[in-house]
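The values are calculated or read from the model by the stated rules, or taken from the named source; none is laboratory data. Please read these numbers as outputs of a predicted model, since none were measured by experiment. Note: ideal-geometry Cβ built from the backbone for every residue, glycine included; neighbour counts use all protein chains shown.
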Amino acid sequence: MFDKAIVVSGAASGLGQSVMTGLASAGYNVAGVDLQQIAHADLPEGCQSYGCDVTDAAAVRATLDQVVADFDGISGLVCCAGIAPGAKLVGKSGPHDADLFAKVIAVNVFGTFHLMSECAAKMQTNSPDGDGQRGVIVTTASVAAFEGQIGQIAYAASKGAVAAMTLPAARELARDGIRVMSIAPGVFDTPMMQAMPEELRASIGATVPFPPRLGDPQDFAALAEHILSNKTLNGEVIRLDGALRMAAK
């Protein structure tokens, strides 16, 4: 089933990089997509890198056409590309910057949508396995979709949209044997968190009931890999948050 490519967006860093590395270590063929191509020396064995702006529908289509040519098809997608700038609805300088809001929606929502629709179209042509499965799509939402904090108005809106796309996509694509799932991570030890002072990182990690620390990106990658192999998982958003429920700020 997974002899073709698993497309991983946001593969140059953070959760996407962990997913790419984890899947490659497990023997999957991985097409790592990011805004800029990843240096060959930084690619795990079995991976190829593709530079692509996921907000550009034409660029996504052209990139995935190349992936199909290189790997003879696409059998999986894990969407990890995203941005999370902080801004209040009304801040000290006035109302939220509309262009910033639009950028967050463009990357997090349209980027996910473009990859989902284009990959699904290509998965439809795959030969089904014994259960009729032709492909699997995994997106990345966030706990902010459910408990968005002050200053996360754009990010929460975007991740709420990603979560909301999961069930209708799964219902539609069931006829083609394509499963659709989403992971909603809590606070993870990604480059954004690594830029913070250690004291602040520790205090944020301590808000997680158990384990009381920032999430390990390898745990996210392990869940993504499990979703690929567990055919009963479909149409659901899985919280990966250590029982964290975000406070207002």
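Overview of values
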| quantity | calculated |
| --- | --- |
| Pair list, Cβ under 8 Å, 6 or more apart: segment 151-165 residue at pLDDT 95 or above, other residue part of a helix (DSSP H, G or I) and hydroxyl-bearing (Ser, Thr, Tyr) | 162/112; 165/112 |
| Residues located in segment 114-162, provided they are surrounded by 17 or more Cβ atoms within 10 Å (Cβ to Cβ), under 21 Å from residue 75 (Cβ atoms) and of a type in the set (Ser, Thr, Tyr) | 139, 140 |
| Members of segment 230-249 found to be within 19 Å of residue 15 (Cβ to Cβ) and either assigned to a helix (DSSP H, G or I) or touching a Gly at 6+ places or on another chain (Cβ under 9 Å) (or both), listed by number | 239, 240, 241, 242, 244, 246 |
| Hits in segment 166-180 (condition: of a type outside the set (A, V, I, L, M), touching a residue at least 40 places away in the same chain (Cβ under 8 Å) and in a helix (DSSP H, G or I)) | 166, 171, 176 |
| Pick from segment 51-62, criterion buried (at least 22 other Cβ atoms within 10 Å of the Cβ) and either free of Cβ contacts under 8 Å to residues at least 60 places away in the same chain or of a type outside the set (A, V, I, L, M, F, W, C) (or both), ranking: farthest from residue 117 (Cα to Cα) | 52 |
| The lone exception for residue 111 - which of (1) surrounded by 15 or more Cβ atoms within 10 Å (Cβ to Cβ); (2) farther than 25 Å from residue 169 by Cα; (3) at pLDDT 95 or above; (4) among the small types (Gly, Ala, Ser) it fails | (2) |
| Filter result (surrounded by fewer than 19 Cβ atoms within 10 Å (Cβ to Cβ), under 18 Å from residue 69 (Cα atoms) and among the hydrophobic types (A, V, I, L, M, F, W, C)) within segment 2-45 | 2 |
| Evaluation of residue 242 against (1) at positive phi; (2) under 15 Å from the mean Cα position of the chain (by Cα) (one fails), failing number | (2) |
